[in-house]
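**Student:** Please see the structure below; I have some questions.
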Ligand code: FE
């Protein structure tokens, strides 16, 4: 009788322990999954933040240049200042690079960032230098311009925010774009000048 009683007691204890173990395992498993999912979510969020920061960095050509009006006036001619910093426009047909088709590259007159290559320049007959595509899209920013009762897309240097001109949808293929740029916003360097500068920097 005593043995039977003891056996029943042990059996009950075993059952209770097994049930308890099952519950404990379930609880441990649940906690582990919870910790894992929190970790994964945090990791994904961090990765997304890093990717977003990298994308922003990649979309920027370089760090912005900020100068006061006085500082710009010191390094720009009056005409360059009026156009680059005050969003002016040169009279059509008067700019240095309107009818100018030498092989080379065009740089921002404010900060020196490369903006266009001569290969994309064409004679639009509008009186301003016209390009079908920038040297690098990242070097040019676009702003909606509703001045003078028109809706246009202003283009500015992405590094110094200098006003360059406007972009229109009546350019030649394949882009169909016409970047209509003020000569005063640009500085040209011929292929020979660029090669000479590159050789000097190597020496
Ligand atoms: Fe610039």
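The values are calculated or read from the model by the stated rules, or taken from the named source; none is laboratory data. What you are looking at is a predicted structure, and each value in this text was computed from that prediction instead of being measured. As a convention, Cβ positions derive from the backbone with ideal geometry for all residues, glycine included, and neighbour counts pool all protein chains shown.
**Student:** Here is a check on your reading of the model: is residue 60 surrounded by fewer than 16 Cβ atoms within 10 Å (Cβ to Cβ), within 16 Å of the ligand (Cβ to nearest atom) and either at pLDDT below 95 or outside the structural domain of residue 198 (by TED's automatic domain parsing) (or both)?
**Tutor:** Yes; evaluated as a whole, the condition is true for this residue.
**Student:** Further question: Being in a loop (DSSP other than H, G, I, E, B), touching a strand residue (DSSP E or B) at 6+ places or on another chain (Cβ under 7 Å) and more than 16 Å from the ligand (Cβ to nearest atom) is the filter here, so list the residues in segment 158-180 that pass it.
**Tutor:** 170, 171, 172, 177
**Student:** Has segment 113-127 got any residue that is surrounded by 16 or more Cβ atoms within 10 Å (Cβ to Cβ) and farther than 16 Å from residue 178 by Cα?
**Tutor:** Yes, segment 113-127 has at least one match.
**Student:** Right, another one. Scanning for something modelled with pLDDT of 95 or more, in contact with a helix residue (DSSP H, G or I) (Cβ under 6 Å, 6 or more places away or on another chain) and closer than 19 Å to residue 109 by Cα, does segment 163-172 turn up at least one residue?
**Tutor:** So far as segment 163-172 goes, yes, one or more of its residues are modelled with pLDDT of 95 or more, in contact with a helix residue (DSSP H, G or I) (Cβ under 6 Å, 6 or more places away or on another chain) and closer than 19 Å to residue 109 by Cα.
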